[in-house]
């Protein structure tokens with residue numbers, strides 16, 4: 001079975017990628033940390049051709065993106081052209097607009113919008129993927145938002161399960177990886193630890209392999225369901241985020257990836 005390919009989600013280093021010079025230096029550090037691919041997100045202003053030249057020179061692949069909802073809604077032609085230039089198949093949306101998240105009808109409305117985006121992208125040879133947080137696990141009359149999306153979205157809509165946020169929402173990442181089988185090519189690898197707080201503990205993000213998630217089970221489920229890319233993301237790092245990315249990469253190598 002084809003092994004999972006590993007990428008770095010650039011949102012992890014977003015504070016360093018707000019200028020073309022910062023983007024180039026950050027891509028170089030990501031490559032040195034052991035990654036051969038990136039998922040773009042959180043970038044400052046840079047031309048599409050300029051970024052393509054940078055990644056090509058460094059031997060990096062852009063495997064997926066996160067783009068803005070307004071870009072999908074109002075600038076779809078530009079989104080398609082950008083992804084074709086980058087040889088990038090997966091067009092990701094990091095979260096739905098918050099106006100949709102507080103009711104079952106809101107989730108259904110977003111599902112219709114996502115379906116429309118996905119069909120247009122599919123016709124262009126691209127794939128729309130939706131990335132969850134934990135608010136999708138709020139229940140409405142006993143049905144959580146993620147189930148509404150899974151049931152209401154057209155088959156062309158893909159998912160991008162984030163392991164930390166599923167766990168944060170009180171659900172099982174392994175179960176959800178299997179639940180979206182056939183509809184997920186890109187997954188987010190993000191670990192969870194608990195830290196001392198005032199009285200009890202608080203959940204926090206950690207480098208992959210440094211927390212409490214069941215990585216053997218997660219990787220097994222990804223392989224079983226045909227996931228192609230695992231993008232390592234850590235929204236909040238306790239150390240230099242490039243060091244965090246390097247630790248995650250080293251630990252994933254020890255896990256056989």
- Message: Restricting everything to alpha-carbon atoms, can you work out Rg to Rh for the chain with a Kirkwood hydrodynamic radius?
- Response: 0.95
- Message: For a quick check: sort 215, 200 by the number of other beta carbons within 10 angstrom, fewest at the front.
- Response: 200, 215
- What number, rounded to the nearest 500 deg cm²/dmol, is the helix-based mean residue ellipticity at 222 nm of the chain, given -39500 (n - 2.57) per DSSP H run of at least four residues and division by all its residues? -12500 deg cm²/dmol
- Nitroxide proxy distance, nm - points 7 Å out along Cα→Cβ at residue 36 and residue 98: 4.1
- Query: What is the gain in length, in nm to one decimal, between residue 139 and residue 181 on full extension, counting 0.36 nm per residue of separation less the C-alpha to C-alpha distance?
  - Reply: 12.9 nm
- Query: Between residue 124 and residue 109, 0.36 nm times their residue separation minus their Cα-Cα distance comes to what?
  - Reply: 3.0 nm
- Can you give the extra length, in nm with one decimal, that the chain gains between residue 74 and residue 151 once fully stretched, where that is 0.36 nm per residue apart less the Cα-Cα distance? 25.1 nm
- Note on the structure: Between the modelled labels at residue 212 and residue 81 (7 Å from Cα along Cα→Cβ) the distance in nm is 5.0
- With a Förster radius of 30 Å, plug the Cβ-Cβ distance of residue 57 and residue 250 into 1/(1 + (r/R0)^6) and report the FRET value to the nearest 0.05. 0.75
- Item | Euclidean distance of C-alpha centroids, the range 207-247 and the range 24-38, integer Å | 16
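When DSSP beta bridges are limited to those with both residues in the chain, what percentage is antiparallel, rounded to the nearest 5?
Antiparallel: roughly 25 percent of the beta bridges in the chain.
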- Between residue 172 and residue 50, what is the FRET efficiency for a Förster distance of 41 Å, r being their Cβ-Cβ separation, to the nearest 0.05? 0.45
- Can you work out the FRET efficiency for the pair residue 195 and residue 235, with r the C-beta to C-beta distance and R0 = 22 Å, to the nearest 0.05? 0.90
- Note on the structure: Placing each pseudo-label 7 Å from Cα in the direction of the beta carbon, residue 204 and residue 25 end up separated by a distance in nanometres of 2.7
- Message: Please list, in order, the residues from the range 14-38 whose amide nitrogen is less than 11 Å from a point placed 7 Å along the Cα→Cβ vector of residue 223.
- Response: none
- Item | For the chain, built as a Gaussian network whose Cα springs stay under 10 Å, the top-fluctuating residue of 117, 140, 164 | 140
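Every number in this text was worked out from the coordinates using simple rules, so none of it is lab data. The model shown is predicted, which means the values in this text are computed figures rather than measured ones. Cβ sites come from the backbone with ideal geometry, for glycine too, and all protein chains shown count toward neighbours.
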